Amino acid sequence: MWKTLLPMLAWIVLLAVLPWWLGLPLLLASAATLWLVPHRLAPEHVMLIRRGLHWGLPGLAFALQRTLGGDAFAWGAALLAVLAGYTLLAGLEAWLDRHQRRTPAAASAEWPELALAPTGPTAEIIELQPPGWQSASEDIADPHGGHVTCREDGCHFADGHRVDGVGTPPGFAQVGFSPGGRWFAARMADDSVLTLWDRQHDRQHRLRGWQLCGWYREQPWLIRRNGDMPLALPAVLGRDDD
């Protein structure tokens, strides 16, 4: 602190001792340096000149009032000169710090975006569409065209495909399709066996002890008993990554 304070006190004394018409050009030259070539000055030099302007104005005011006679009028004129000098200095510093004032504003503008940005996996509310079961004892309309007829050996489609039955009478009790018709589901009356057919990839899955809870985005979700948390088919098959 003393390394900064002592030179500034010496600067005030120097400007107070010199005639005001010698001290004023020194301050004006310092201000012009900051105005015209701030990019050529090191940051520590810019700070030193700014401190010199702040501390030099009181010394210049003292020299001015001494020249004017030291009476009340002289002190009033000196105070007005100091006020005008600090006003001009504030404008100069505002111009010098214009880039620094914009940076926090930009950061604050980005803060809401940062606060709302996801920091982990995106949360998603899953609403299952209940399965629309129909009796397997009657012919069922296929969303892809034709009808489905179920017997003890399985369910037969108009295009020749067949979902094999469970091998025990009376076979499937209820059948149904996913909302878009991609999946075909068939279950037994006691829910001991659930058969799912992925018509897009022509894959059949026979699951024992699982019940179809509903559909979400054209995919089946399953439970073992009422009240359980539904699981997607990949999780039931042990392929969570899918």
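Determine whether TRP210 is more than 27 Å from GLY160 (Cα to Cα) and touching a Gly at 6+ places or on another chain (Cβ under 9 Å). So that I can check it myself, show each step before the final result.
Values: more than 27 Å from GLY160 (Cα to Cα): yes; touching a Gly at 6+ places or on another chain (Cβ under 9 Å): no.
Spelling it out, it is not the case that TRP210 is more than 27 Å from GLY160 (Cα to Cα) and touching a Gly at 6+ places or on another chain (Cβ under 9 Å).
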The lone condition LEU57 fails out of (1) open to solvent by less than 90 Å² (accessible area, probe 1.4 Å); (2) within 15 Å of TYR86 (Cβ to Cβ); (3) in contact (Cβ under 8 Å) with a residue 40 or more places away in the chain is (3)
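What is the residue count in the stretch 4-47 for residues that are open to solvent by 70 Å² or more (accessible area, probe 1.4 Å), under 29 Å from ARG98 (Cβ atoms) and among the hydrophobic types (A, V, I, L, M, F, W, C)?
Narrowing the stretch 4-47 to residues open to solvent by 70 Å² or more (accessible area, probe 1.4 Å): 6, 9, 13-14, 17, 20-22, 26, 28, 35-36, 39-40, 43-45, 47.
Still in the running and under 29 Å from ARG98 (Cβ atoms): 26, 28, 35-36, 39-40, 43-45, 47.
With among the hydrophobic types (A, V, I, L, M, F, W, C) added as a condition, the list becomes 26, 28, 35-36, 47.
Number satisfying all stated conditions: 5.
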For strands (runs of 3 or more DSSP E) lying entirely in the stretch 122-204, having 3 or more residues that are without any contact (Cβ under 8 Å) to a residue 60 or more places away in the chain and more than 17 Å from LEU222 (Cα to Cα) picks out 147-151, 154-157, 162-164
Here the qualifying pairs (Cβ atoms under 9 Å; residues six or more apart or on different chains; first in the stretch 13-39 and farther than 21 Å from ALA90 by Cβ; second of a type in the set (Ser, Thr, Tyr) and in a helix (DSSP H, G or I)) come out as PRO19/THR67; TRP20/THR67; TRP21/THR67
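For GLY227, are the conditions met, namely being surrounded by 14 or more Cβ atoms within 10 Å (Cβ to Cβ) and not hydrophobic (A, V, I, L, M, F, W, C)? Walk me through it before giving the result.
Values: surrounded by 14 or more Cβ atoms within 10 Å (Cβ to Cβ): no; not hydrophobic (A, V, I, L, M, F, W, C): yes.
Here the answer is no, as GLY227 does not meet what is asked.
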Scanning the stretch 157-190 for residues that are open to solvent by 20 Å² or more (accessible area, probe 1.4 Å), farther than 13 Å from TRP133 by Cα and not β-branched (Val, Ile, Thr) gives ALA158, ASP159, GLY160, HIS161, ARG162, ASP164, GLY167, PRO169, PRO170, GLY180, ARG182, ASP190
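The values are calculated or read from the model by the stated rules, or taken from the named source; none is laboratory data. Please read these numbers as outputs of a predicted model, since none were measured by experiment. In this analysis, Cβ positions are derived from the backbone assuming ideal geometry, glycine residues included, and neighbour counts consider all displayed protein chains. Calculation scope for accessible area: heavy atoms of the full protein, side chains included, ligands and nucleic acids excluded. Shrake-Rupley method; radii C 1.70, N 1.55, O 1.52, S 1.80 Å.
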